[in-house]
Amino acid sequence: MSDDAEKSQQFQIRIRDLHKSFGEHHVLRGIDLDIERGKINIVIGGSGQGKSVLMKHLMGLLKPDQGHIYVDGEDIVSLGEYELNPIRRKFGMLFQYAALFDSLTVEENVGFPLFEHTRKHSAEVRTEVKKRLDALGLAGTEKKYPAELSGGMRKRVGLARALILKPEILLYDEPTTGLDPVATKNVDDMIRDISKETGVTSVVISHDMASTFRIADRISMLYEGKIVVSGSPDEVLRSSHEMVRMFIEMSGAIRIQDGSVAPPVAPS
Amino acid sequence: MESARSRIWQHTVRAVDRLWMTPVHIVELVGDHLTLLGRAAFWLFKRPFRTRVYLEAMEFIGVESVGIVAMIGAFVGMVFALQLTSALRQFGTESYVGATLGIALTRELAPVFTSIVVAARAGAGMATELGSMRITEQIDALSTMAVSPVQYLVTPRVVAGILMVPLLCMLFNCVGLCGGYGVAVYLQNVDRGVFVENARAVVEYREILQGLIKATIFGGALTLISCQQGYNASGGAKGVGIGTTRAVVGSFVTILVLDYFLTDVILFLQRK
């Protein structure tokens, strides 16, 4: 096996030298990032560092000014909207505020991808949707509209919708933002369980350090439009990069012992 | 002195800049709309064909506008008949009320009024709907589910506009003529036979066709403008409001400007 093929076996998504500007504002300044297959990959970074912009590039929602994004070895940057659709079928995405269709019920929202991409009858779709909703603790919400749900529930419905076509890659845009600590832990557990059960490649955009160290297999930090550090949680903890240290210490997620840092107590 | 002069200079430069930006801006705006039209047309011929989405758009733009179009049609026909009788009576030519009303309605009043009513009602609704879908990331969500937002949201609406506005225009013609007939014959004592005979002699198929061609083009234009403003909304609730205002104002201006040039072209072609 050639070196390249081996790498694309290990890394499902590979980003090389990605640049993106909005007017004068140079947001991404040469991103190099590898997303490991079947693992939970977390990209951390402060507000306004371009995390969401980076995420939108992964699915071709934005076009970069320069650079390459390889998904399973295929460069998606040059693809048009029509050619992108088969690639997008590999992805599921959970938006920060769930982005549910507010004119549709929960059932219709979760069933939407099935109606669009399979030839299943509505009875089959309904059964499958119900199964998925039950598994996420949403039984009985089928006929409700998104506006009638709490923020946490909406996120779970969004997740059910993202999962229904059994994607290979699941993107989470700030999944724990705006949730209380208990709900945050529930979402963390959910991400980990889904990763374990389905073997899906997870990409999580977050600034929540406690969550990050609780679930990540691989952490990358975005700072001033570049990935400044990337590796396992241990490697990131040991990093000497100034911003990384500041982020870790300021977040309070990590207890500092004798000048060395240790990960927070792992939850059961 | 020096600073005053440099300030005047700066103002001048800025004014020239702004003057120059206006045509640039207009060209950009037209370009954006044509790009969206191109994308909408491209997706029209791609699978899947979602009949339900098309029917929903036609219901929203067409069926739900029937009441308001009929009401406005009736009153426009009525007031026009009233004005015409009073004006033509001065020359003793009130027998031409039917003919004049017929020409005015079928050629101009019906397509323009119908399109303006649809732009105010359905156009504003579409811009708001698409705008709020944009700012709450629902449009991005469609893309992530490998569903083209243009194919799902824009193409059906533009097609529905092209199909439904001429139908509504025809309704406007009928109701307007009936309203005008009622006022002229029953309230203004114009002779019934003369009214109908004169109208039939003058209003030919090509008059009606002229109105329908206009209505078709206006229908496409107003839905395209409304979709474009909603689809590209940004900046929260305020942005959606701005998009909706632009959709309605832009549609009105476009309809009236297009109307002049279309009339010019159509009359030129009919004379040949």
**OP:** Take the residues in the stretch A:78-96 that are more than 10 Å from chain B (Cβ to nearest Cβ) and outside any helix (DSSP H, G or I), then tell me which one is farthest from A:Gly158 (Cα to Cα).
**Re:** A:Ser78
**OP:** Give the number of residues within the stretch A:98-118 that are buried (at least 18 other Cβ atoms within 10 Å of the Cβ), in a loop (DSSP other than H, G, I, E, B) and facing chain B (nearest Cβ under 8 Å).
**Re:** 2
Original post:
Any residue in the stretch A:60-77 that is part of a strand (DSSP E or B) and on the phi > 0 side of the Ramachandran plot?
Top reply: yes
**OP:** Tell me which residues, restricted to the stretch A:136-158, are without any contact (Cβ under 8 Å) to a residue 24 or more places away in the chain and either surrounded by 13 or more Cβ atoms within 10 Å (Cβ to Cβ) or assigned to a loop (DSSP other than H, G, I, E, B) (or both).
**Re:** A:Gly137, A:Ala139, A:Gly140, A:Ser150, A:Met153
Original post:
Looking at (1) surrounded by 15 or more Cβ atoms within 10 Å (Cβ to Cβ); (2) modelled with pLDDT of 90 or more; (3) more than 14 Å from the chain's Cα centre (by Cα), can you tell me which one A:Glu81 breaks?
Top reply: (2)
**OP:** From A:Gly60, A:Gly67, grab the single residue that is farther than 25 Å from A:Leu136 by Cα, surrounded by 15 or more Cβ atoms within 10 Å (Cβ to Cβ) and away from every other protein chain (no Cβ under 14 Å).
**Re:** A:Gly67
Original post:
Only one of B:Ala199, B:Ala160 is among the aliphatic types (A, V, I, L, M), surrounded by 19 or more Cβ atoms within 10 Å (Cβ to Cβ) and at pLDDT 95 or above; which?
Top reply: B:Ala160
**OP:** Would you please list the contacts, defined by Cβ atoms under 7 Å and residues six or more apart or on different chains, that run from a residue in the stretch A:161-183 that is more than 16 Å from A:Gln12 (Cα to Cα) to a residue that is polar (S, T, N, Q) and in a loop (DSSP other than H, G, I, E, B)?
**Re:** A:Asp173/A:Gln96; A:Glu174/A:Gln96; A:Thr177/A:Gln96
Subject >> Qualifying positions in the stretch A:15-39 - more than 16 Å from A:Val71 (Cβ to Cβ) and among the small types (Gly, Ala, Ser) >> reply: A:Ser21, A:Gly23, A:Gly30
**OP:** Filter the stretch A:131-183 down to residues that are within 14 Å of chain B (Cβ to nearest Cβ) and among the acidic types (Asp, Glu) and give me whichever is nearest to A:Thr198 (Cα to Cα).
**Re:** A:Glu168
Subject >> Residues (assigned to a loop (DSSP other than H, G, I, E, B) and more than 38 Å from the chain's Cα centre (by Cα)) located in the stretch B:1-50 >> reply: B:Met1
Subject >> Answer from A:Ser52, A:Ser47 - the residue that is part of a helix (DSSP H, G or I) and modelled with pLDDT under 90 >> reply: A:Ser52
Original post:
When both residues are 6+ apart or on different chains and their Cβ atoms are under 6 Å apart, which pairs have a first residue that lies in the stretch A:205-223 and is under 14 Å from A:Pro181 (Cα atoms), and a second that is assigned to a strand (DSSP E or B)?
Top reply: A:Thr212/A:Ile42; A:Thr212/A:Ile44; A:Thr212/A:Ser206
Original post:
If you take the residues of the stretch A:193-216 that are assigned to a loop (DSSP other than H, G, I, E, B) and either touching a Pro at 6+ places or on another chain (Cβ under 8 Å) or of a type in the set (Ser, Thr, Tyr) (or both), which of them is nearest to A:Val27 (Cα to Cα)?
Top reply: A:Ala216
**OP:** Determine, yes or no, whether B:Gly179 is buried (at least 21 other Cβ atoms within 10 Å of the Cβ), closer than 30 Å to A:His117 by Cα, among the small types (Gly, Ala, Ser) and modelled with pLDDT of 95 or more.
**Re:** no
**OP:** Considering each of B:Gly123, B:Gly102, B:Gly98 in turn, give the residue that is within 30 Å of B:Tyr152 (Cα to Cα) and either modelled with pLDDT of 95 or more or away from every other protein chain (no Cβ under 14 Å) (or both).
**Re:** B:Gly123
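The values are calculated or read from the model by the stated rules, or taken from the named source; none is laboratory data. Predicted model, so just to flag it, every value in this text is computed and none were measured. Positions of Cβ are generated from backbone atoms using ideal geometry, with glycine treated the same way; all protein chains shown enter the neighbour counts.
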